[in-house]
Amino acid sequence: MDQTLAAYVRALRAAGADASTAEAIDAARVVGLVGYGDRRLLKDSLGLVLAKSESEKALHDQVFELYFKAPAVSDPTPEVEVGGDRQADGTGDATLDALLSLLRTDPGGDGGAAPGSALNPALNIALRQAARAAAVDDIRFAWQAPFLARRMLEQMGIATLESRLLANLDNPAAVAERHRLSAARDALQRHARTFVDQRYELFGRPATDAFMAEVAVQRPLSRMGPPDLARMTAVVARMARRLAIKHSHRRRVLLRGQLDLRRTLRASAGHDGVPFKLSFKQRHRDKPRLVVVCDVSTSVAPHVRFLLLFLYALQGTVTDLHTFAFSNRLKDVQPPLARLPFDDAMDLILREVGGGGTDYGQAWQDLHDRHWPLVDRRTTVLVLGDGRSNGADPRLDLFAELALRAKRLVWLCPEPPGRWGSGDSGMLQYRPHCSHVSHCATAADLERAIDEALEAYD
């Protein structure tokens, strides 16, 4: 695969497209057939092999236009000539003359270009070669752009131009040449920076976003600001999709267990003992069945939002999912999560359930009276809350019965262990009845907890 196509596939993946190795190989075959000459044909052909859905097709079109578009001249080159055909325009330095000739936009060499016009092919090729030598495609952050633009210029030989300019700095007889070289240097700097900025949009911005997302998933949810919330919505959706792919794949792979030798030999009796058909030991696996109980009081609301966002994205994977929320009275919130956009569903849940003093005992009572049959030996009960019940009866009797009925009872507490049992916290009373209790402060903690809950069914 040539470097141009390999970098394009990399840009697609950075933008979020799921371009597999097999699809990249198909793309290389397509380029071998159609070439790079016909832009429209190349775009349509690559779209057929690299885009599998409407959203990926739109993404492919966007990345293609940005990747294969030559950087535009953002403003006209100054009126001073930067190149020409006549011998008089030469500087006597072959390297410098070759560099200046790149700035001609047409054979006439008028030295100017209309704003927004494309670069001449020779300059475009020179910029791409310099960018490859300077490893511009490895850009990760916007602050790297000036440094990489300078490296590109050095690869193109701007040192020769700057040396000539410096030598003529105090020479009154070389005013015209000094102006010409200065204009050429400024034009090359603009072109190099424009090219680097374009590559930043292709490779750097996705890398920056990935880095910021990695930082955000480790940040306490209670300290999230509005910009973090917007970023985390997309991050949590990706994390949920990753979990969905992971656990659906495991269930498919593990359906066939170890070879059942006895059944294989018995089945081969009719074929003179030749094991024509292999029989495998089948191990029964329950489908994931989750009952989630969330405290949506003010102190826990940020954590609940992201847990429910995880569950919202996992609805296709966990088909047997029941979600409840409470401050004091328990309410089934699965219907709004199933039928409404997530933000609308979350606003409705907080509006209908979020008010009132927290009462865990009343929540266990409501679960017992209305939804107890949902919990059996195949059910994992997931509780998210701080265990603070404002001095009300914690109803440990009902909680102990819930633990005995369920397959597992997992409690995620947003408060650090050092605060468990302080004040009106009932965490130390609830903990002995739980299969697992953990401090859950970040989105990474939520992902790990849900992953472990689903692994119990793999």
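Could you line up 409, 348, 48 from fewest to most neighbouring Cβ atoms inside 10 Å?
Result, fewest neighbours first: 48, 348, 409.
Tell me which residues come under 5 Å, amide H to amide H, from residue 292 once H is placed; ignore anything under 5 positions away on its chain.
322, 323, 324, 382
Using 29 Å as the Cα-Cα cut-off, could you pick out the over-long pairs in 52/331; 287/331; 57/246; 52/246; 277/407?
Result: 52/331; 277/407 exceed 29 Å.
Could you please rank 158, 139, 25, placing first whichever residue has the fewest other Cβ atoms within 10 Å of its Cβ?
25, 158, 139
Under 5 Å between amide hydrogens, which residues at least 5 positions from residue 437 or on another chain qualify, with H placed 1.01 Å from N in the peptide plane?
Those qualifying (amide H under 5 Å, at least 5 residues apart or on another chain) are 411.
Could you give the distance between the Cα centres of the range 9-56 and the range 418-437, to the whole Å?
54 Å
Please find the FRET efficiency linking residue 319 to residue 299, where r is the Cβ-Cβ separation and R0 is fixed at 35 Å, and quote it to the nearest 0.05.
The pair residue 319/residue 299 has a calculated efficiency of 0.65.
Counting other C-beta atoms within 10 Å, which of 178, 238 has the fewest, and how do the rest follow?
Placing the least packed residue first, the sequence is 238, 178.
Whole-Hz ³J(HN,Hα) for each residue in the range 44-54, computed from phi via Karplus 6.51 cos²θ - 1.76 cosθ + 1.60 with θ = phi - 60°, x for glycine and proline: what do you get?
5, 5, 5, x, 5, 9, 10, 10, 10, 8, 4
Using a 7 Å offset from the Cα along the Cα-to-Cβ direction at both residue 277 and residue 261, what is the distance between the two label points in nm, to one decimal?
Each label point is offset 7 Å from its Cα along the Cβ direction, giving 2.2 nm.
Here, each number is a calculation from the coordinates, and none is a lab measurement. Just so it is clear, the structure is predicted and the values come from calculations on it, not from any experiment. Glycine also receives a Cβ, built like all others from the backbone with ideal geometry; neighbour counts cover every protein chain displayed.
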